[in-house]
Every structure is written in structure tokens, then in C-alpha cells.
1. Loop-only chymotrypsin sites (Phe, Trp or Tyr not before Pro) in region 151-196, please: DSSP not H, G, I, E or B, and at most 15 other Cβ atoms within 10 Å.
2. For Ala124 and Arg167, what is the calculated FRET efficiency with R₀ set at 35 Å and r taken between the beta-carbons, to the nearest 0.05?
3. Using +1 at the Cβ of each Lys and Arg and -1 at the Cβ of each Asp and Glu in region 133-233, identify which of Leu209, Leu138, Gly191 lies farthest towards the dipole's positive end.
4. For region 31-102 and region 155-182, what is the separation of their C-alpha centers, rounded to whole Å?
5. So what are the ³J(HN,Hα) numbers for region 147-162, from phi and the Karplus equation (6.51, -1.76, 1.60; θ = phi - 60°), rounded to whole Hz, Gly and Pro as x?
6. In the structure displayed, which of Lys143/Lys231; Lys91/Lys231; Lys108/Lys143; Lys64/Lys203; Lys50/Lys116; Lys61/Lys107 lie more than 29 Å apart, Cα to Cα?
7. Which chymotrypsin sites (Phe, Trp or Tyr not before Pro) from region 35-94 combine a DSSP loop assignment with at most 13 other Cβ atoms within 10 Å?
Amino acid sequence: MTKNRKDRPQKQQKKRTEGHFYERFDKRKLAAPSSVDPVRNKRRLEGVEKLLSGIGVPDAKPFKPDAFQLEALAAIETEDVLVTAPTGSGKTWIAREEIRRLLAAGKKAWYTTPLKALTNSKYAEFSSEFGTENVGILTGDRKENFDAPLIVGTTEIYRNQLFDALRTGSEVETDLVILDEAHYLADEDRGHVWEEAIILSPKRIRLLLLSATVGGAGEFAGWIEQVRETKVRVVKAGPRPVELRAAYLSSELELYPLYGADGGYNRDIDAAEKKKPAVQRRRFPRRRR
């Protein structure tokens, strides 16, 4: 009589021990007992409190232009201007106010940047300020409203328009060119674009060069005067209006001021990193084939 399948004796399956074998190596180690120095931790917390103090939205006040902004705005009407000012000082305000004056007089302006992302940002900013019908954009990816009185584009596009004007015997239709991030002239790979843009721009076109990190501003201005045969005013801003504060985030996600109370390097950072044990490499047994 044939036995049913369910009545047949079941083969005993071997217990798999591999999972248990690997599990022993995957166990997490218990955290080491806390070894935080209470004195150092108190010093760190006091330093962090001082580091973050005053950060927030300032009280609203009527805008008042700085002296360097007014100087540059007055000079750009008759000569080229090189503005060197820290980030956040208001360099773009100079360009915006001069653009406003030119558009009111029925004239044209070009605003160049070294990056497409920055070009798109300035295009959106100026479109909101002066109206979309008055602003165009020219990059390798976008070509919109290119007949507008204000064109925002990359420096390469403006340089290419100068080359086209030389070949065809025409002129670039603009009265002012703003070269934002003018320190790119020193860039090893792309600096020649700024050189060519400055050299090939006709003397009738005034140049407004903006930079936060240009070195040797006087020498830079002297070179522009030599190649363009124009006068260049160097305008420098005062101290940085937005204070920079430096901090260090440790591997334990603890924030430390980079500088100590004495103004030197904060040695507590080294002490905090040395207390952490070296990470051991996890070793797994080789599986047998």
C-alpha cells in the first residue's frame, strides 16, 4: 500500500550555523565610558555661546549708501572703475544704480559673470528690478530677449560678440560693461577671456569691474589704462560689514570655536579628537566554498 506523501518520514534539515557564525562578528561594541573633561566642556560651551551670539535678522533700517559706493557711482560716469570690496559690502548696488540711470536715459548695458548659475541668478534679480521686457540673457544654454537694453550673460559670450564685431566691422551695442568677479583675470585656464574682453572693448564703452578678492588693484588698474588708454579709478571699501566667524565640527558632532580666548588656535580641538579611540577595521571570516 502506497504511503501518502505526508506520511513519509521527513528528512532532518541541517541547522544553518553560518548566520549565527557571522552574527557573533556583527555584534556592536559597548560605548566607552564618557571621558569628557568637564572643564574643557564648560570652556567649549562658553565659546560656542559667544560664537553664535548676535546671529539673526538685524533690525530694519533705512538704506544709506557707503562712501565708496557713492564714489564709484560718481566716477563711472566719466571713467572706468575697479571696485574692490569684501563680500556683502554692496558692490552690486553700484552696478544696479548705474544700470537704472542708463535705462532711464535710453542707453544700454551688459552685465557679465563667469558662471551660468550666477548669470541666471542675476537675470532673475534684474528682471524683477527693471522688468522682464528690459532684461535679456545670453549664455551657452539660454538666449532670451537678446535685444533688451540690459543683457546678462557670461563673459565668454560678451567676448565672442567683440570678436564678431571685429569680423563684421560692426559695434557691440552697449554703453557700459560690468565685469563681475573680475579677479578671474588671474585664472590660469580662463583668464585670457577677461583679458580679451578688456582689450577689445572700445574706449567709448565704460567698464565697471567688481571683485572681492582681486590682488594688486593698483597694478591691475595700471594695466587696464595701458591697454585701453583710459583712466581707471580704483575704489576700495572699508572693513568687512559682515563679520566672519570660524568654527570646527568634531567627529563627535561637537562644535568648537576655531580660535580660543587668547585669539590663537583652539587647542581643545586637538584634545577632543585625541580622546576618540582609533577605529578598528572589522574583519569577517572567509566563507568556505
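1. none
2. According to the calculation, E is roughly 0.60.
3. Among Leu209, Leu138, Gly191, the one farthest towards the positive end of the dipole of region 133-233 is Leu209.
4. Their Cα centres are 32 Å away from one another.
5. Going residue by residue, I get 9, 5, x, 10, 10, 10, x, 6, 4, 4, 5, 5, 4, 5, 5, 5 Hz, with x marking Gly and Pro.
6. Among Lys143/Lys231; Lys91/Lys231; Lys108/Lys143; Lys64/Lys203; Lys50/Lys116; Lys61/Lys107, the Cα-Cα distance tops 29 Å for Lys143/Lys231; Lys64/Lys203; Lys50/Lys116; Lys61/Lys107.
7. Within region 35-94, the qualifying chymotrypsin sites (Phe, Trp or Tyr not before Pro) (loop, at most 13 other Cβ atoms within 10 Å) are Phe63.
Read-outs: derived from the displayed coordinates by stated rules, not from any lab. Quick caveat: nothing in here was measured; it's all calculated off a predicted structure. Methodologically, a virtual Cβ is constructed for each residue, glycine included, from the backbone with ideal geometry; neighbour enumeration extends over all protein chains shown.
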